[in-house]
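Remarks on the structure that follows.
Since every read-out is calculated from the coordinates, none of them should be taken as a lab result. Note that this is a predicted model, so its numbers are computed, not measured. Here the Cβ is made from the backbone with ideal geometry for all residues, glycine too, and neighbour counts use every protein chain on show.
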Amino acid sequence: QVAAALKEGHVTPTELCQRCLSLIKSTKFLNAYITVAEETALKQAEASEERHKRGQPLGILDGIPIAVKDNFNTAGIETTCASNMLRGYISPYNATVVQKLLDQGAVLLGKTNLDEFAMGSGSTDGVFGPVRNPWSYSRQYKEKSVPKSHSEDKEPDWVITGGSSGGSAAAVSSFTCFAALGSDTGGSTRNPAAHCGVVGLKPTYGLISRHGLIPLVNSMDVPGILTRCVDDAAIMLGSLAGHDPKDSTTVQDNFKPFELPNLTDVSKLSIGIPKEYHAPGLSSEILALWSKAADLFQNAGAKVVEVSLPHTRYSIVCYHVLCTAEVASNMARFDGLEYGHRSDMNESTESMYAATRREGFNDVVRGRILSGNYFLLKQNYEKYFIKAQKVRRLIANDFVKVFRSGVDVLLTPTTLSDAAPYMEFIKEDNRTRSAQDDILTQAANMAGLPAINVPTALSERGLPVGLQFIGRSFQEQQLLTVAKWFEKQVQFPMIQLEEVKKHDHGVFQHQKCA
């Protein structure tokens with residue numbers, strides 16, 4: 001819609017960019033952005049305006065304001081991974097996905113907040129502080145939550161965004177940009193999407209280039225897409241997918257961008273409900289919503305079948321071993337020699353390495369490095385790492401068998417509950433939290449399958465709840481078509497941001513219609 005408005009001249013790219021930048025300022029309290037590239041964004045918007053005046057836009061994304069998670073390299077703009085280790089680091093090149101967006105005229109507003117090096121599920125562990133969920137300041141949440149004290153000015157407990165792409169999810173949810181890039185290793189795009197009431201797509205492994213995404217777990221990392229509707233996710237995917245000579249894990253085949261059809265008949269669809277996803281800790285509210293969604297498909301004529309993915313119960317332990325092992329390997333590059341933080345300790349090279357890593361990394365990152373190195377010790381390698389790889393193959397085979405049986409798409413919850421209040425969330429350590437929060441999402445990463453979170457309803461507390469669709473490998477078109485049909489049926493309500501209205505009434509009104 002906004003691309004059409006730009007094309008028809010109802011709004012110019014510069015006006016749109018200025019309104020988004022103004023909104024970023026008035027929602028600063030959310031802490032969604034680490035760096036706002038105001039000057040660069042305005043230059044890009046001006047260039048886009050010239051192209052629109054000539055009637056030669058580069059594509060549908062020309063002039064559209066977007067944001068990028070701060071673990072993608074951006075030339076000339078600081079890339080920090082929300083860590084002291086990379087504070088002040090400016091990359092000499094753009095990540096392939098960033099370059100593709102810029103080549104199509106998108107306007108890069110800034111870099112969004114995350115858990116340090118994307119290790120976490122709350123966006124609370126970065127060096128720049130936690131991200132606040134925009135829904136904490138929505139009329140829907142405020143009406144349902146009664147402040148503990150009776151004083152008028154006491155705000156209700158603000159809730160987390162989920163993670164680790166919480167900044168990107170908050171940016172899209174609060175209307176400061178129209179789409180954002182996240183990364184997804186075990187659910188880091190879908191989890192915050194569910195908590196912030198936006199669409200979060202994790203594409204098939206190898207469909208989008210990882211070149212320039214600072215790696216966490218090479219065998220599972222995928223750039224993720226966060227948008228406000230499924231159609232927008234399809235547009236973003238069309239712009240980003242395809243082979244990249246700089247990333248040997250991308251597919252060789254050409255990717256044809258697609259437009260999503262309006263599905264009217266779902267009678268030929270087979271929807272699988274994996275019984276193992278009825279996990280311990282799943283809230284009764286989400287369980288009821290999941291059943292309701294299954295009934296929705298059934299009543300519309302789709303075939304809904306219960307399926308089994310028997311190795312699901314081992315997946316979170318298996319994921320933890322593989323994740324920490326690859327983290328230990330990937331984090332070895334941060335030694336204080338080539339780039340990033342360097343300690344003043346100069347007694348010896350070893351002491352400089354140790355001091356640099358102690359000062360640069362937080363406890364969570366150091367903890368994962370220690371675990372990973374333990375699993376990779378000569379005496380433990382077969383026992384942990386190799387065994388986890390074998391279990392990973394069994395998990396992937398479970399999915400293959402289910403899809404071979406005729407199931408088109410799997411329907412599962414995305415998270416165990418709605419977003420937790422920040423004070424409650426930080427009572428538990430990162431590892432416990434990640435294990436709980438990734439339980440429903442990480443199996444798709446282990447199997448390399450595409451998965452999408454679709455915002456479905458508001459909880460009793462007035463917070464978003466999403467459901468997840470998992471598709472067959474490289475069948476994004478089918479997955480997104482089903483997700484679009486479901487999105488249309490559920491009619492998820494729009495966030496009513498009280499706080500922003502107080503700050504900047506005019507901007508909010510514009511974003512709403514855009």
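Among the trypsin sites (Lys or Arg not before Pro) within the stretch 1-68, those in coil by DSSP and having at most 16 neighbouring Cβ atoms inside 10 Å are R54.
Report the Rg/Rh value for the stretch 270-418, based on alpha-carbon coordinates and the Kirkwood definition of Rh.
Values: Rg = 21.9 Å, Rh = 18.8 Å.
Result: Rg/Rh = 1.17.
Of all lysines in the structure, those lying under 24 Å Cα to Cα from K303, and not within fewer than 8 positions of it along the same chain, are K268, K275, K292, K401, K484, K488. Distance from the C-alpha centroid of the stretch 85-107 to that of the stretch 417-438: 31 Å, rounded to the whole angstrom. Remark on T112: its backbone amide H falls under 5 Å from those of I34, V68, K69, D70, a criterion applied only to residues 5 or more positions apart or on other chains, H modelled at 1.01 Å from N. Its DSSP H runs of at least 4 residues, each contributing -39,500 (n - 2.57), put the calculated 222 nm mean residue ellipticity of the chain at -12000 deg cm²/dmol, to the nearest 500.
Determine the dipole magnitude for the chain: charges of +1 sit on the beta-carbon of Lys and Arg, -1 on that of Asp and Glu, nothing else is charged, the reference point is the Cα centre, and the result goes in debye to the nearest 20. List each step's numbers first, then the result.
Working: 53 positive and 55 negative charges, 182 e Å.
The calculated dipole for the chain is roughly 880 debye.
The local environment of R404, defined by Cβ-Cβ distances under 13 Å, has a net charge of 0 under the rule Lys, Arg +1 and Asp, Glu -1.
With a cut-off of 8 Å between alpha carbons and a minimum separation of six or more residues, what is the relative contact order of the chain in percent? Display every interim value, and only then the final one.
Details: 1143 pairs, mean separation 92.0, N = 514.
Dividing the mean separation by the residue count of the chain yields 18 percent.
For a straight C-alpha distance cut-off of 18 angstrom, the aspartates and glutamates reachable from K383 (same-chain residues fewer than eight places away being disregarded) are E326. When a/c is below 1.5 the answer is rounded, else prolate if a/b is larger than b/c, else oblate, so apply that to the stretch 340-494 with a ≥ b ≥ c taken from the square roots of the Cα gyration tensor eigenvalues. Oblate, since a/c reaches 1.5 and b/c is not below a/b. Reported to the nearest whole Å, the Cα centre-to-centre distance from the stretch 247-324 to the stretch 333-379 is 39. With a simple spin-label model that places each label point 7 Å from the Cα along the Cα-to-Cβ direction, the separation between Q56 and Y374 comes to 6.1 nm.
Across the stretch 111-119, computed HN-Hα scalar couplings (Karplus, 6.51 cos²θ - 1.76 cosθ + 1.60, θ = phi - 60°) run 10, 9, 6, 7, 6, 3, 6, 6, 9 Hz from first to last residue, x flagging Gly and Pro.
Each residue of the stretch 222-229 is assigned a 3J(HN,Hα), and the resulting list reads 9, x, x, 10, 10, 9, 8, 8 Hz, derived from the Karplus form 6.51 cos²θ - 1.76 cosθ + 1.60 (θ = phi - 60°), x at Gly and Pro. In order along the stretch 455-463, the Karplus-derived 3J(HN,Hα) couplings, from 6.51 cos²θ - 1.76 cosθ + 1.60 at θ = phi - 60°, round to x, 10, 6, 9, 6, 4, 8, x, 10 Hz, and Gly and Pro are given as x.
Among the GluC sites (Glu not before Pro) found in the stretch 281-382, those both in a DSSP coil and sparsely packed, with 11 or fewer other Cβ atoms within 10 Å of their Cβ, are E338, E347. Charge dipole of the stretch 449-499 (Cα centre as origin; +1 on each Lys and Arg Cβ, -1 on each Asp and Glu Cβ, all else neutral): 280 debye, rounded to the nearest 20.
When the alpha carbon gyration tensor of the stretch 304-390 is reduced to an equivalent ellipsoid, its three semi-axes come out at 35, 15, 9 angstrom, largest first.
Take each of the peptides 206-214, 111-119, 457-465, average the number of other beta-carbon atoms within 10 Å over its residues, and list them starting from the highest. It would help to have the intermediate numbers written out before the result.
On the way: 206-214: 23.3, 111-119: 30.2, 457-465: 20.3.
Sorting 206-214, 111-119, 457-465 by mean packing, highest first, produces 111-119, 206-214, 457-465.
Dipole of the chain computed with +1 at Lys/Arg Cβ and -1 at Asp/Glu Cβ about the Cα centre; of I208, T112, T356, farthest Cα towards the positive end is I208. Farthest towards the positive end of the charge dipole of the chain, among the residues L463, Y314, W135, is the Cα of Y314, using unit charges on the Cβ of Lys, Arg, Asp and Glu.
List nothing, just return the count: lysine pairs in the stretch 115-266, 8 or more apart or interchain, with Cα separation under 22 Å. Don't skip to the end; give the middle numbers.
Numbers: K142/K154; K144/K154; K202/K246; K202/K256; K246/K256.
Eligible lysine pairs with Cα atoms under 22 Å apart amount to 5.
For Y205, which sequence-distant residues (separation of 5 or more, or a different chain) have an amide H within less than 5 Å of its own amide H, given hydrogens modelled in the peptide plane? Here the answer is L449, since their amide H atoms fall under 5 Å of that of Y205.
Can you give the FRET efficiency to the nearest 0.05 for R358 and H243, using r as the Cβ-Cβ distance and R₀ = 41 Å?
On the way: r = 41 Å, r/R0 = 0.99.
Calculated value: 0.50.
A Cβ-based charge dipole, computed about the Cα centre of the stretch 176-281 with Lys and Arg at +1 and Asp and Glu at -1, lands at about 160 debye.
Specify whether the C-alpha gyration tensor of the chain places it in the rounded, prolate or oblate class, a ≥ b ≥ c being the square roots of the eigenvalues: rounded for a/c under 1.5, otherwise prolate if a/b is larger than b/c and oblate if not.
Working: a/c = 1.27, a/b = 1.04, b/c = 1.22.
The shape class here is rounded.
Here K25 is the anchor, and the lysines within straight C-alpha reach of less than 21 Å, apart from those fewer than 8 places off in the same chain, are K43, K69, K111, K501, K502, K512. Subtracting the Cα-Cα distance of E424 and L394 from their residue separation scaled by 0.36 nm leaves 7.2 nm.
Taking square-rooted eigenvalues a ≥ b ≥ c of the alpha carbon gyration tensor, is the stretch 244-297 rounded, prolate or oblate, where a/c under 1.5 means rounded and, failing that, a/b exceeding b/c means prolate? Present the calculation step by step, with values, prior to reporting the outcome.
Details: a/c = 3.37, a/b = 1.60, b/c = 2.11.
Note, shape of the stretch 244-297 comes out oblate.
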